[in-house]
1. Could you figure out which of (1) within 30 Å of residue A:32 (Cα to Cα); (2) away from chain B (no Cβ under 11 Å); (3) assigned to a helix (DSSP H, G or I) isn't true of residue A:216?
2. Kindly indicate which of B:25, B:3, B:50, B:55 is at pLDDT below 95 and in contact with a Lys or Arg (Cβ under 9 Å, 6 or more places away or on another chain).
3. Being buried (at least 17 other Cβ atoms within 10 Å of the Cβ), at pLDDT 85 or above and closer than 30 Å to residue A:210 by Cα, is that true of even one residue in region A:107-115?
4. I'm checking my understanding of the structure. Among residues of region A:180-211 that are in contact with a Lys or Arg (Cβ under 6 Å, 6 or more places away or on another chain) and touching a residue at least 40 places away in the same chain (Cβ under 8 Å), which one is nearest to the other protein chains (Cβ to nearest Cβ)?
5. Answer yes or no: is there a residue in region B:307-317 that is facing another protein chain (nearest Cβ under 8 Å), buried (at least 20 other Cβ atoms within 10 Å of the Cβ), modelled with pLDDT under 90 and closer than 14 Å to residue A:196 by Cβ.
6. Quick check: is even one residue across region A:177-189 among the polar types (S, T, N, Q) and part of a helix (DSSP H, G or I)?
7. Please verify whether residue A:222 is within 8 Å of another protein chain (Cβ to nearest Cβ), in contact (Cβ under 8 Å) with a residue 12 or more places away in the chain and out of contact with any Ser or Thr (no Cβ under 7 Å at 6 or more places or on another chain), treating the condition exactly as stated.
8. For region A:88-103, what are the residues that are more than 11 Å from residue A:51 (Cβ to Cβ) and in a helix (DSSP H, G or I)?
Amino acid sequence: MDFRFTENQQDLIDAAKAFFIGENTAERMRKIAAGETVDNLWPQFAELGLLGLMAPESAGGLEQPLVVMAGVAEAAGYAGLPEPCLEIAGVSVPHANEEELSGQITRAMRSELRPHIDSSLADSGEVVMSIDPLRKLVKADSGNDQNIDSINHHGAVLSAAQLVGLSQRMVDMSVEYAKDRHQFGKPIGSFQAIKHHLATVYTQIEFTRPMVHLAAIKGGRAVHTAKVAAIDTAMMAAETAIQVHGGMGYTFEVDLHLFMKRAWSLCGEWGDRNYHMKKLEELVLEGDEPLGPGTTFS
Amino acid sequence: MSGLIDKFDTWMAENFCGEFESLRGRATPGDEDIMPELRFAWERKMGEAGWVGVGWPKEHGGKGASLEELVAFNEVYARHGGPGRNGHIGETLFAPTLIAYGTDAQKAKYLPGIKNGTELWCQGYSEPNAGSDLSNIKTKARLDGDEWVVDGQKIWTSLAMDADYVFVIARAEEGTVGRHGLVFLLMKLDQAGIDIRPIKQISETAEFNEVFFDSARCHKDDMIGGVGDGWKIAMALLGFERGASTLGQQMTFTNEFESIVKLAKENGAAHDPTIRQRIAKAYCGLKVMRMTALRTLEAAHHGELSREGYMSKIYWATWHRDLGELAMDVMGPDAELLKDGEYGMLHKLFLFSRSDTIYGGTNQIQRNIIAERALGMPKEPRGKPK
């Protein structure tokens, strides 16, 4: 098993990350939160190949595996990207039938639909508000899709990957803040009370990432482990970040809340912690699958 | 599965039996001072059959096993209940360092003993005043003709009571402080100038030792690198500590976890909602840890130094400490009662895992290192080294 991306895959992920960070500035995020119009990024998503990343080559896609999409999702999480680019490219497209691929989805890939960050992707449905002002959600009937297991797999992996990216962003913001902010005549980042907390979160992030990649590759029980690990990491990252920022972290003025709120929102998406923990409990305590040596890659 | 692993599987089935039966699942941390003679015999048996150093390059007598094979090798060993290895310090820490930094003569002198399971090694790093502040080494080495003469004291030396050799970091240049002026020496333990005193631990076992050097000697050729290279070599060795040597440990963790789950199912703890959560969480941590270990190893295999390396110690130590507490809670009201048999190991796990977050660098020191080196945070104010 090789966790490393190929050079091409890594280039693609790096390009996506640079693009997301460059375009989706804090200023843009604040405009969206305030209900103002911002640049439409969908044509560029299509141009970078992101929308067709997992689509078959016959439909003009790049036919990449889910683990590459997870790399892109981590980048999107890091940048706080509000557009549901991953949900379309990583969940909808891979489960679209031929008819859908030749129709609506292909158009989405070509960005002809030009979906906005509001609810225009959905034909109908009641708009609901999230604690994350950048997430515009609509109620939809999930129906009885025969691909539901696979859809849940993709969804959970991509939300876990975004949580990893968001956690990293919150740590990076906190590190910068702790280097700048002086108290008692020193940067607060030199105090163990600050740096130890950040070291703990960083450790969690570095350990969670390979698990998310394994979940992308293997599915199954690894998905539950990955989502629980990602949720715990993100919750710890948010808790630590606000503590490091002190009172400023609780203000609307400092950007931290934009990322914390996204993390808090994604924690409950595609199976909350309780759901995945219960699955793991059943698997370990009622399941008959082996747990011992020999299960390294399961 | 590769032919190598099939062969090892068959070999374990045919050889890990008879007199060795009493070692099944034993000699894990907290239990490492048991039945030394039988364990020496087991090391030699492994060595004779060519199962020591399978991950070393072929030109140095190994089998050049791939990462997948090393994982499978350790899985097979654990599945057969193979005991904790008292040769692992030589095999997985010292040998890779020797292969990377030693001279041909040094390799020829020391690798065969490790490979044959006949010569065991221990690590002479920590001192009473050089623990967390490791570079504060006070043990002195001075050149006397063709020999280094060493005076001082090491402490927390794991398995020194069973070892034949120790690799020592000592201060060779008078007046130097910190990381400068150190040497990395290879010394025979069985000599007049060396006294080994086991330290009885809260587990009532004694795998850590004090090692006293009173004009202890080694030949001047038994130095890896030159004068002043001691720190660099010592740190390179710690890099190997985070590598393949963790695989065996991970398998031990898996066995322990499996045992706790089995007990929980037997005694009904598996129906308790809070215990269920903690077991699921432990499972999650175990999986996460193993994936990261594999990724770190894979990066190392491709000559990359992965960032996870900095973080492995604190992650597994914390996980294992928590596993010890889980074991006690799964035992419930019986937790205090010493037991023989299948679950007798759980007390040892609990007691020994109190030391996991301390030895090899405390969690607090690990966090300093991660924050300063991986995150680039401002350094802690430090006093002048004396």
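1. (1)
2. Answer to the check: B:55.
3. no
4. Out of the qualifying residues, it is A:210.
5. Yes, region B:307-317 contains a residue that is facing another protein chain (nearest Cβ under 8 Å), buried (at least 20 other Cβ atoms within 10 Å of the Cβ), modelled with pLDDT under 90 and closer than 14 Å to residue A:196 by Cβ.
6. no
7. On the way: within 8 Å of another protein chain (Cβ to nearest Cβ): yes; in contact (Cβ under 8 Å) with a residue 12 or more places away in the chain: yes; out of contact with any Ser or Thr (no Cβ under 7 Å at 6 or more places or on another chain): yes.
When the stated conditions are applied, residue A:222 passes them.
8. The answer is A:91, A:94, A:95, A:98, A:99, A:100, A:101, A:102, A:103.
The values are calculated or read from the model by the stated rules, or taken from the named source; none is laboratory data. Because the structure is predicted, anything quoted here is derived from the model rather than measured. Every residue, glycine as well, gets a Cβ built from its backbone with ideal geometry; the counts of neighbours run over all protein chains shown.
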